[in-house]
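Colleague: Please read through the structure below; I'll follow up with questions.
Just so it is clear, none of the values below were taken in a lab; they were calculated from the coordinates. Not measured: the values here are computed from a predicted model. Note that each Cβ is placed from the backbone with ideal geometry, even for glycine, and that neighbours are counted across all protein chains shown.
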Amino acid sequence: MLDLLTKYAAGKKCHFYFTPDSKKDCKEAVVLVHGLMRRSSNMYGLGKWLANQGYRVYVYDYQTSQDGIAGHGQKLRKYLKKVCSELPEEMPLHMVTHSMGGIITRYALAKSQDDDLFDSGRINRIVMLGPPHGGSDLARFAAKYLPFTVKMFQPIAELSSEAKAAVHDSPVIEGPEVGVVAGKYDLQVSVKYTFMPGIKDHIVLKSEHSLMMKMPHVRDACLEFLQKGKFSPHFQDAPVIAL
C-alpha cells in the first residue's frame, strides 16, 4: 500500500492486475475503468471480487484532471490494445466502467478512427455504472458557478448537461453489448442522463454514485450482464448493503 501511495503522490500510473484462484478455470477477461476525480484504487475491490468469480482482471489507471475526455479515450485505446496483445485471441474480453469511465470508453472504441491501434470488435460486453451520457447537472453547476474547478479538472465542462457540452458528441458504441446500471439515489448523474443509443439493457438500482461498485447487488448485476448480456429485474429490489 505504501508503494501505491508513493506512486500516486509522484503522479505515476498504477494499473492493477488480478488472476483467478488457481483452482478456477479462467476463460474470460475484464478491464475496469474508474471515473472523474478517482484513481485505480477506486475499482480495486471490484477487481478482486471479479477475479474471485473467475475473471482475469485489468484495472486501468489515469489522471482524470490532466486531459479532456477525447484525450483520455485515446490513452485508454492504447491500453486496450496492450491488453489484447497479452490475451489469447479466443478469450472474451469485457469492460466495467464507472461514471466518466464510460464516456472515455465511447471514445476509445470509436470505429471512425483511421488508426489500426485497436479492433473495438474485440470487446464483447460492457457494463457502465452511472455513466453521464447526457451529462451531469452537477458538472453544469460547477462549470458555471465554480470556474476554478474547470481549471483543476479539464473534463468537468465537457461533462456538463448543457446542450453544447462535448459529452453530447461522444461516439456511439457499435458491436459490444452494453448494459447500464443507474443509481436510484445518484445526485451526480441523474437516471435520465444514463441512457445511450444502442444499449442492450438498462437497470435502476438502489445506490448513490461514488460507491456503486462497492454494493453487493450492483456487483451481482454486473456479473450477470457479463455472463448473460442482460439484467434480472429482481436486482432492483435488492437491499442496499455496502461492503
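Colleague: Across bins of 5 angstrom width beginning at 0, how are the C-alpha pair distances of the chain distributed, in whole percent?
Modeller: 1, 7, 14, 19, 21, 18, 12, 6, 2, 0, 0
Colleague: Add +1 for every Lys or Arg and -1 for every Asp or Glu among the other residues with Cβ under 15 Å from the Cβ of Ser136, and state the total.
Modeller: Once positives and negatives cancel, what remains is 0.
Colleague: I would also like to ask the following. Could you tell me which of the pairs Lys151/Lys206; Lys13/Lys214; Lys111/Lys206; Lys82/Lys192; Lys164/Lys214; Lys151/Lys230 are separated by over 31 angstrom between their Cα atoms in the structure shown?
Modeller: Lys151/Lys206; Lys111/Lys206; Lys82/Lys192; Lys164/Lys214; Lys151/Lys230
Colleague: Just to confirm a number: summing +1 for Lys and Arg and -1 for Asp and Glu over residues other than His34 whose beta-carbon lies under 14 angstrom from that of His34, what do you get?
Modeller: Neighbour charge sum, excluding His34 itself: +4.
Colleague: Subtracting the Cα-Cα distance from 0.36 nm times the residue separation, let me have the gained length for Tyr145 to His168 in nm, one decimal.
Modeller: Roughly 6.2 nm would be gained on extension.
Colleague: Continuing with the same structure: As a test, work out the antiparallel percent of DSSP beta bridges whose residues both lie in the chain, rounded to the nearest 5.
Modeller: 10
Colleague: Another question about this same structure. Using a simple spin-label model with points 7 Å from Cα along the Cα→Cβ vector, what separation in nm is obtained for Val191 and Gln66?
Modeller: Inter-label distance under the simple model: 3.9 nm.
Colleague: First obtain the Kirkwood hydrodynamic radius of segment 147-243 from its Cα pairs, then insert it into the Stokes-Einstein equation at 20 °C and 1.002 mPa s, and state the resulting D in µm² per second as a whole number.
Modeller: 144
Colleague: Shape call for segment 14-63 from the C-alpha gyration tensor, a ≥ b ≥ c root eigenvalues: rounded (a/c under 1.5), prolate (a/b greater than b/c) or oblate?
Modeller: Taking the square roots of the gyration eigenvalues as a ≥ b ≥ c, segment 14-63 is prolate.
Colleague: Take the Cα pairs of segment 77-160, get the Kirkwood Rh, then feed it into Stokes-Einstein at 37 °C and 0.692 mPa s and tell me D in µm²/s.
Modeller: Reported coefficient: 226 µm²/s.
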